[in-house]
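The values are calculated or read from the model by the stated rules, or taken from the named source; none is laboratory data. None of these values were measured; they are calculated from a predicted model. Note that we place each Cβ from the backbone using ideal geometry, even for glycine, and neighbour counts take in every protein chain shown. Please note that ligands, DNA and RNA were not included when accessible areas were found on the heavy atoms of the full protein model with its side chains. Shrake-Rupley method; radii C 1.70, N 1.55, O 1.52, S 1.80 Å.
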Amino acid sequence: MSLPEDARPATILSQAGGAVDEATGGIVPALQPSTTFLRDPDNLHRKGFDYGRDANPVVRQVETVVAALEGGRAALAFSSGMVAMTAVFRSLPPGAHVLAPTVIYRGLREWLRDAAGCGLSAVDLVDLDDLDQVRAALRPGVTKLLWAETPANPTWVVADLSALAALAREAGALLVVDNTVPTPLLTRPLALGADLVVHSATKYLNGHSDLLAGLVVAAAETELWQRLRTLRHDEGAILGAFEAWLLLRGLRTLEVRLQRQCGSAMHLAAALDRHPRIERVLYPGLPTHKGHTLAARQMSGGFGGMLSILVRGGAEAAIATAAAVRVWKRATSLGGVESLIEHRASIEGPDSPAPPGLLRLSVGLEDPRDLLADLEWALDRAG
Ligand code: PLP
């Protein structure tokens, strides 16, 4: 990175890590789509690039920026969040025992259902906000990985990362944290003792709902890290050059986007909490949320742009509310500039932790007054 070592996150982000196009002086790094790179006459690759399945200049810049934000030693970019996350499990020694949270991104929960198919001996699910349960489920010397997500989809359960890191370390397991929702601007798991951080960069890091990307960031370049690198190389799971270039552009505005999203989410949570057609608002920023005190300690700069509302009248009323909105978009995903609303139980299936009346809200950059008015209008229509 060409910026000073102590450059702050907003500076790193707005200048994409200080990258410029060395060949022309362009202040935007060039998109380099080449899949192969010239060898020097003595057959070496002194510029550091050989073949597109290993590395690409723009991909490497994305990795540099995200590693700096997370305070990590190294990062690897993948073609989606799921590919990055499943690669972590597949880099464990064969037959590993792992612990995963009961409240977790649905796609990963489904993938982990077939432990043997994932090369694991068993996957046990635990409530991450119950440390005694986690302690009891960890098998010292046998459990190789403890997975965490905080605040976790779709009820925004908050997990104590320092405490989990200590428990994992005692048992000889790695702590891996899906940091997609808070981003490193609000939570830095590696500083709290995690070994790896993973991201769906499809969400906040890019922020424009126009590409798929994933990242893994490591506190240290261990043997497992080398296996992960080899796996990405062998399977060609690296992020595409064009997606990396777009992601680098998206990252430039992350800090201002997230500030706005946190502010709007807090505003909506407080207003909707008083609405007669809403049973409960789930948002870590509300003092009534179970994980509020912990979130206030662990997160800095805001409580995130995601919240859920429990509509009185269950699934029918919730679906009718989502059907009536005019500003919010009925779609899955999160972290983009446009606000999304989703009836989570319908898409998560029978083992979802989402209550029937839950609508998940991803707050975008619209005027929060329009977002609130639209929801109030929809709640009235649905009632
Ligand atoms: N982790 C979280 C928290 C997510 O919300 C998602 C996607 O919704 C993923 C991981 C998977 O990422 P991707 O869709 O980029 O594969």
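What trypsin sites (Lys or Arg not before Pro) does the stretch 259-310 have in DSSP loop regions with at most 16 other beta carbons within 10 Å? Before the final figure, lay out the partial values.
On the way: sites: R260, R274, R277, R280, K290, R297; in loops: R274, R277, K290.
Those satisfying the criteria are R274, K290.
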For the stretch 8-167, size of Cβ-based charge dipole, Lys and Arg +1, Asp and Glu -1, in debye: 280
Residue order for D178, D370 - accessible surface, 1.4 angstrom probe, largest first: D370, D178
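Average the reciprocal distances over every distinct pair of alpha-carbons in the stretch 48-112, invert the result, and give the Kirkwood radius in Å.
Here the Kirkwood hydrodynamic radius works out to 14.0 Å.
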Listed residues T183, T64, T155 arranged by accessible area, highest first, probe 1.4 Å: T64, T155, T183
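If you roll a 1.4 Å probe over the chain with all protein chains in place, what percent of the accessible area is carbon or sulfur? Walk me through the numbers on the way to the answer.
Details: 8550 of 16060 Å².
Here carbon and sulfur together make up 53 percent of the probe-accessible area.
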Structure-based [θ]222 nm, the chain - -39500 (n - 2.57) summed over DSSP H runs of at least 4, per residue, nearest 500: -10500 deg cm²/dmol
Added length on full extension, which subtracts the Cα-Cα distance from 0.36 nm per residue, D114 to R274: 53.4 nm
Cα-centre dipole for the chain with unit charges at Cβ (Lys and Arg positive, Asp and Glu negative), debye to 20: 280
√(5λ) per eigenvalue of the Cα gyration tensor, the stretch 45-192, largest first, Å: 27, 18, 15
Exposure ranking of V142, V363 by accessible area [1.4 Å probe, largest first]: V142, V363
Under 18 Å from K203, Cα to Cα: lysines that are on another chain or at least 8 residues apart: K329
Largest-first principal axis extents, alpha carbons of the stretch 145-265, Å: 40, 39, 23
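If you take the Cα Rg of the stretch 196-354 and divide it by 2.2 N^0.38 Å, with N the number of residues, what do you get? Present the calculation step by step, with values, prior to reporting the outcome.
Working: Rg = 18.4 Å, N = 159, 2.2 N^0.38 = 15.1 Å.
Relative to the rule-of-thumb radius for its length, the stretch 196-354 sits at 1.22.
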With all protein chains modelled, accessible area of K203 [1.4 Å, Å²]: 40
The stretch 65-144-the stretch 337-383 distance, computed between alpha-carbon centres (Å): 28
Shape of the chain, Cα gyration tensor, a/c cut at 1.5: oblate
The chain, relative contact order in percent, only Cα pairs under 8 angstrom and at least six apart counted: 16
Positive-end residue of H97, V65, L131, charge dipole of the chain with Cβ unit charges: L131
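Over the chain, average the accessible area per residue using a 1.4 Å probe and give it in Å², no decimals. Can you show the working numbers first?
Values: 16060 Å² over 383 residues.
Ligands and nucleic acids excluded, the result is 42 Å² per residue.
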